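Read through the structure below, which is laid out as structure tokens, and then see the notes.
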């Protein structure tokens, strides 16, 4: 089978609960995942502020369809799992335009301005 851009292998599917059917997401949804490694010397209060005042504030951006915040899961160690980060967010956007609006939204730019000194590394994965 040869790869064809826009072909069926590029469709995005979400599984429904048991007994339900699989539904296909229409359009060009974008999944934006950002992984943060924070400075070792920040306090517990600064970490809490990063999470509850920083990351959580991004939910208020109108172009965000869904936003999930997490920390490394307590799963058994495996060679393919990187659990060295402190926080990760996964943001769902309806399309690329929504993602682009998020990047320049005042809530997002204020988050970056306030908290960028707290991280030593950020890694972003965008999938469509």
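Over the Cα atoms of region 45-128, what radius of gyration and what Dmax do you get, in Å?
Cα-based Rg and Dmax for region 45-128 come out at 13.8, 39 Å.
Expected output is a single nm value to one decimal: the length gained when fully extending between residue 116 and residue 66, i.e. 0.36 nm times separation in residues minus the C-alpha distance. What is it?
Values: separation 50, 0.36 × 50 = 18.00 nm, distance 2.27 nm.
That works out to 15.7 nm of additional length.
For residue 123 paired with residue 59, estimate the spin-label separation in nm (one decimal), with each label point 7 Å from Cα along the Cα-to-Cβ line.
That separation, rounded to one decimal, is 2.7 nm.
Determine the relative contact order of region 27-127: mean sequence separation of Cα pairs under 8 Å and six or more apart, normalised by residue count, in whole percent.
Working: 149 pairs, mean separation 51.2, N = 101.
Computed over region 27-127, the figure is 51 percent.
Return, ordered by residue number, the residues of region 28-50 whose backbone nitrogen is under 12 Å from a label point located 7 Å along Cα→Cβ of residue 82.
34-37
Quick note: the coordinates plus some simple rules give every number you see, no bench work behind them. Source: prediction; values computed, not measured. Here Cβ is always computed from backbone atoms with ideal geometry, including for glycine, and neighbour counts include all displayed protein chains.
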